[in-house]
Amino acid sequence: TGILAGKRGLVMGVANNRSIAWGIAQAARQQGAELAFTYQGEALKKRVEPLARELDAHVVGHCDVTEGDTIDAVFEEVKGLWGSIDFVVHCIAFSDKDELTGRYVDTSEGNFSKSLLISCYSFTAIAQRAEKLMPDGGSLVTLTYYGAEKWMPHYNVMGVAKAALEASVRYLAADLGPKNIRVNAISAGPIKTLAASGIGDFRYILKWNEYNSPLRRTVTTEEVGETAAYLVSDMARGMTGEILHVDAGYHVVG
Ligand code: 0WD
């Protein structure tokens, strides 16, 4: 039972039990989905395997989105496992943390390319593979941040990458809509995760959101997870190309 009963989904980007991807996986499982996880590298494998067991999820292997053959391999694995798939959740981003502080204007070409490749292009690369496993339609979700829309201190190249990611959500939605594949993003408020710890003054950003958001608090991975579960469910079947803010309302004041 649940709004995802009978649905099968791939969750990419679990690093540990604070990851937004983990919050999404828990919510999706609670709503009846059958899940598969990828992990990035051997170090994360040890973290991801016990988490997967908690949710009776499959682990379909190592995926580093900078290596296209590893993306192919995990989708081959999913194909062998299930034949087709109903949803994919993409919770992957990267920038050198030395460039998540100070000025955007000082961004290096190398880190710009790497950040855009991992944080933006990877979603398109995944959509290419997912399309082939969604003959009857499906749903793709990615994670973005308000720094795509407005300047935010220290977010720098990641803000530019998220703006490109949000634009790619719209282009992918238009391309894949005729196949009934929906493409949406959640713009999450700041949450203390491993990735967030690389952003300069992150504790101050959390406090600022707590004092200024309409709900006067920050959000949890559970709240982002439940919204993602809704987005990949048939309850959201009329929605595509959308960026949903799960940020305690901060976007109306910031
Ligand atoms: O405040 C926040 N935490 C917000 C995060 C607010 C709004 C959006 N987001 C986004 C992030 O930008 C990201 O897209 O949510 C997504 C998930 O991030 P997270 O849950 O905050 O962070 P984390 O638990 O660290 O997961 C991100 C993971 C990586 O973890 P680490 O920290 O080891 O880099 O992305 C994965 C990796 O597992 N990842 C990759 N996966 C495959 N190939 C790669 C790669 N090359 N690089 C990073």
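Structure notes:
- Average Cα contact separation per residue, region 114-217, under 8 Å, 6 or more apart, as relative contact order %: 30 percent
- Residues in region 192-208 that a label on residue 253 would reach, taking backbone N under 12 Å of a point 7 Å out along Cα→Cβ: 207-208
- Shown for the chain: the carbon plus sulfur share of the solvent-accessible area, taken with all protein chains present and a 1.4 angstrom probe, equals 50%.
- For region 86-234, the solvent-accessible area works out to 46 Å² per residue, with a probe of 1.4 Å and every protein chain left in place.
- Value of relative contact order over the chain, rounded to a whole percent, pairs C-alpha under 8 Å and six or more apart: 21 percent
- If you sort 182, 170 by accessible surface, 1.4 Å probe, largest first, the order is 170, 182.
- Lysine pair count for the chain (Cα-Cα distance under 18 Å; residues 8 or more apart in sequence or on different chains): 11.
- Neighbours of residue 111 by Cβ distance under 13 Å: Lys/Arg scored +1, Asp/Glu scored -1, total -3.
- When nucleic acids and ligands are ignored and a 1.4 Å probe is applied, residue 84 ends up with an accessible area of around 50 Å².
- Rounded is the label for region 8-252. Its Cα gyration tensor axes, ordered a ≥ b ≥ c, give a/c under 1.5.
- Per-residue accessible area (protein heavy atoms, 1.4 Å probe) orders 235, 12 as 235, 12, starting from the largest.
- In the context of the full protein assembly, residue 218 retains an accessible surface of approximately 40 Å², using a probe radius of 1.4 Å and ignoring ligands and nucleic acids.
- A simple charge model with +1 on the Cβ of Lys and Arg, -1 on the Cβ of Asp and Glu and nothing else charged puts the dipole of the chain at about 520 debye relative to its Cα centre.
- Heavy-atom SASA rank of 172, 244 (probe 1.4 Å, accessible area, largest first): 244, 172
- Stretched out straight at 0.36 nm per residue, the stretch from residue 97 to residue 70 would grow longer than its current Cα-Cα span by 7.3 nm.
- Positive-end residue, region 8-252 charge dipole about Cα centroid, Cβ charges, pick of 21, 248, 115: 248
- Applying a DSSP loop filter and a limit of 16 other Cβ atoms within 10 Å to the chymotrypsin sites (Phe, Trp or Tyr not before Pro) in region 99-170 leaves 151.
- Qualifying GluC sites (Glu not before Pro) in region 57-124, DSSP loop, other Cβ atoms within 10 Å at most 11: 67
The values are calculated or read from the model by the stated rules, or taken from the named source; none is laboratory data. All of these numbers come straight from a predicted model, not from anything done at the bench. We place every Cβ from the backbone using ideal geometry, glycine too, and count neighbours over all the protein chains shown. Ligands, DNA and RNA are excluded from the accessible area calculation, which covers all protein heavy atoms including side chains. Shrake-Rupley method; radii C 1.70, N 1.55, O 1.52, S 1.80 Å.
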